[in-house]
1. May I ask you to list the lysines whose Cα is less than 24 Å away from that of residue B:398, ignoring any residue fewer than eight positions away on the same chain?
2. Please report, in debye to the nearest 20, how large the charge dipole of chain A is about its Cα centre when each Lys and Arg carries +1 at its beta carbon and each Asp and Glu carries -1 there.
3. Under a 5 Å amide H to amide H cut-off, with H placed in plane at 1.01 Å, what residues pair with residue B:418 once short-range neighbours are removed?
4. Give me the extension gain from residue A:378 to residue A:22: residue separation times 0.36 nm, minus the current Cα-Cα distance, reported in nm with one decimal.
5. Relative to the longest principal Cα axis of chain B, at what angle does helix B:266-275 sit, 0 to 90 degrees, rounded to 10?
6. List the lysines whose Cα sits under 30 Å from the Cα of residue B:469, skipping any in the same chain fewer than 8 residues away.
7. Kindly write out, for segment A:381-393 in residue order, the coupling ³J(HN,Hα) from the Karplus curve 6.51 cos²θ - 1.76 cosθ + 1.60 (θ = phi - 60°), rounded to whole Hz, with x marking Gly and Pro.
8. Can you list the distances in nanometres, one decimal and ascending, from the residue B:236 label point to the identical position in each other copy, with the point 7 Å along Cα to Cβ?
2 protein chains.
Amino acid sequence: MDEELGALFNPRSVALIGASANPGKLGHMILRSLRQGKFKVYPVNPRETSILGLQCYPSVSAVPGTVDLAVVSLPSETSVTAVRECVEKGVRIVALTTSGFRESGPGGAALEEQARRSVSSSGTRLLGPNTMGVLVPGMGLDTLSIPSDRLERPGPGGVAVVSQSGAVAVSFVEKASAAGLGIRAVVGLGNKADIDENDLIKYLGADAGTTCIAMYLESFSDGQEFVRLARSVAQDKPLVLVKSGRTARGAAAAESHTGTISSSSDRLVEGALRQSGVVRAYDEQDMVDTARALASGAHLRGDRICVVASAGGFGVIATDYISSRERGVGLRMAALSERTGTELRAVIPSFSSVSNPVDLTLAVTDRMYDDVLGTLIKDSGTDGIFMSLELQPPNVTKELVDITIRRSRESRVPIVVSAFAGDRTREVIRALEQGGVPAYPTIWQAVRALQALAERGAFLDRMKKRRGKTP
Amino acid sequence: MDEELGALFNPRSVALIGASANPGKLGHMILRSLRQGKFKVYPVNPRETSILGLQCYPSVSAVPGTVDLAVVSLPSETSVTAVRECVEKGVRIVALTTSGFRESGPGGAALEEQARRSVSSSGTRLLGPNTMGVLVPGMGLDTLSIPSDRLERPGPGGVAVVSQSGAVAVSFVEKASAAGLGIRAVVGLGNKADIDENDLIKYLGADAGTTCIAMYLESFSDGQEFVRLARSVAQDKPLVLVKSGRTARGAAAAESHTGTISSSSDRLVEGALRQSGVVRAYDEQDMVDTARALASGAHLRGDRICVVASAGGFGVIATDYISSRERGVGLRMAALSERTGTELRAVIPSFSSVSNPVDLTLAVTDRMYDDVLGTLIKDSGTDGIFMSLELQPPNVTKELVDITIRRSRESRVPIVVSAFAGDRTREVIRALEQGGVPAYPTIWQAVRALQALAERGAFLDRMKKRRGKTP
């Protein structure tokens, strides 16, 4: 494991350069967050002796003992000096959260180059500049500039997020919290003057606490290296990537946003990603949805899906999306075995459909759904189950959530849920997520999740076959 | 206007056949709802003299005076007799909310045929069977089987919904409420034994209270007639249609769900719909999103979009979706005029991008957004504006919502918003919706809305050119 980056995820000591006694300042808010962490905190500010009850140091060099991580919250001009001091002190990682560097024009680019030179060939690594920093729920490490009463933080878990856009990272945090998804870490790449996506894939790929890596990139630092690393990591854990700047106009926008050039054709990128086992997503919502599906650890062993719903209309919409290539995901509808048909006929209303989609109608009960799932998870012609979970039918109760979780645990194939429960939809989704069942508030999102599990399965299958051939 | 169907939307008297004194029964719950309505209510039940303080009648024929609408909530066998009595009484519309008809097999189909024959060549029309009935917020008319504490009802407005699936209708009600979208009516078609989508398009097309018609269909009663009617109505008001059963497997599922055959090829359907000015949507969420966009009354006069965002990453994602044909909507990014560029340069940070997307960065303020919108709505090269409204940046306040609404009112081109405001997102979307600005919680939904406005604009343009040619 790359011990250098370990200081970003498991620091024993954190200095905040630019800590402020003024509650209106960012340097105060971040200090307030850092105090909650499982590490020593050293506020640095030459004009204060103590802030929030913590002893304050005039400079990072004055801090006693080692500093694993220094967060710099100073104007761009002075922050360059702070970076130099951190190098002298032997700080392991400097997170430069300030903007006003390369993204702001030639003057900023020159400052960024100074900061980069300071750390190059030193033992110190630089995150950013222009990064939101890092959030590690398990460590209580949080340098986000949005207070927690305006942005709920997710709990600890296995999904690591690496983002070249602060807004996409913040959006991930918000949606992960809403869905109850556990997070290993969220890292903002910022301008990538030093630490880049390849450093992080390498670290997180080896990190036992990370079960899934989700990335948002507008440019690759070194695309070939990315593909090589991703391919190696993807054998063990799933990777999701939103690579924006897919179009000529989008690439130009990304260039202007990040100050870097995204030169490769998207068709090339698409092919390389598929080869290397990276599951591609396309926007801020798709990124979280796909990560949630893959973080469940599941994958499809084939492309045959069984759809089960009590709302006939939802079953038809799901079937269209599953089986259409043009506007859908191009998977197949499973042909249920005769035995499955016989078993189903015994438990569902006589007038219900025992073909696929299985239509339970408004006469659905918890028990009926339990029996049907119990049958479907044994069907040898089914590789995955799409379940529309509706709490509106009169004889369905909240118990159905637990039934779904239990059947999912027993199942040899993944169950993905689209949940319709009015105001309780969010609560149902959180409960299912906690139970290891990926669940979404729309049919399309659930179908997309199945597609992600199918892509993951196809990659693992290719790798297995390849290994089989190598003596 | 078709006066027959008027009784469904503006009844002066409603009978509930199968009213129940038992609070656990559907016939009780619906009566409770109907009591809130702006019409006379007659409970019908031979075993009761009064329910919920209303005098009860032994049969519909015993009701004094005329009955505009009779809602039948009885088992399928007895409900057929009730339909016959309604015909004798001269009831104008019977809504048969019971299931157990054609969708349940040959026995049910025979019952349905009996009910259909009863009303044929009579002055009575039949809605259903197997329909959720009707919801008309402006009249307080509500026959939905889900109590309002489990499903919030939307307020009155211009969007009329016609659905062949109860679940899709319920989902529309839920999402319309959440977004603050006003509803003219929601009608469940059920098995379409008599009243079908063509009857309703004809009525709603002429109905002054209806500004937009949103439909979910699994089969067409008469596809050619549908296209003819739609084309005529679409000159005046927008139509949205989810036609499911697009794929072979989906069509088979629809057939089994509704008991009707959906024979036409989807490619044929797609072409005919486009010709007739129907904007197609593809699922339960897309249906509401598209209806909300079109109900604003706006359309695009061209395909040149300007993107403005404070989060650079969101601007890039939106740009990709706008300009990609393969995975996006294939519109164009506007080339801003020189004058627009000069004006923008004066109001946004020196390091921000004045190309398109316009990147306001985290330095964004309410005032800056106001000035930028003021400039963009005058740009002659722009046909529509995609705005990412983020409330997280430190110098943005809730005031930005009102600014957006004001600028949208002044604007010659539509503004569509994707809103990022954490827990306040729903509230922001509702406020914008009330202010006539279509707003969505994701980038993709907002881009799709622009696509719908572009389709609508292209249709109106074709019609105008055609009229120009006719002497």
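The values are calculated or read from the model by the stated rules, or taken from the named source; none is laboratory data. Only a predicted model underlies this, so the values are computations on that prediction, with no experimental measurement involved. Positions of Cβ are backbone-derived with ideal geometry, glycine not excepted, and every protein chain shown enters the neighbour counts. All accessible areas refer to the heavy atoms of the entire protein, side chains included, with ligands and DNA or RNA removed. Shrake-Rupley method; radii C 1.70, N 1.55, O 1.52, S 1.80 Å.
1. A:25, A:175, B:175
2. 840
3. Excluding prolines and chain starts, which carry no amide H, the hits are B:387, B:388, B:389, B:440.
4. Numbers: separation 356, 0.36 × 356 = 128.16 nm, distance 6.23 nm.
Stretched fully, the residue A:378-residue A:22 segment lengthens by 121.9 nm.
5. On a 0 to 90 degree scale, this one is about 70.
6. B:202, B:237
7. For segment A:381-393, the Karplus-derived couplings read x, 10, 9, x, 10, 9, 10, 8, 9, 10, 9, 7, x Hz, x marking Gly and Pro.
8. The answer, with the shortest distance listed first, is 6.7 nm.
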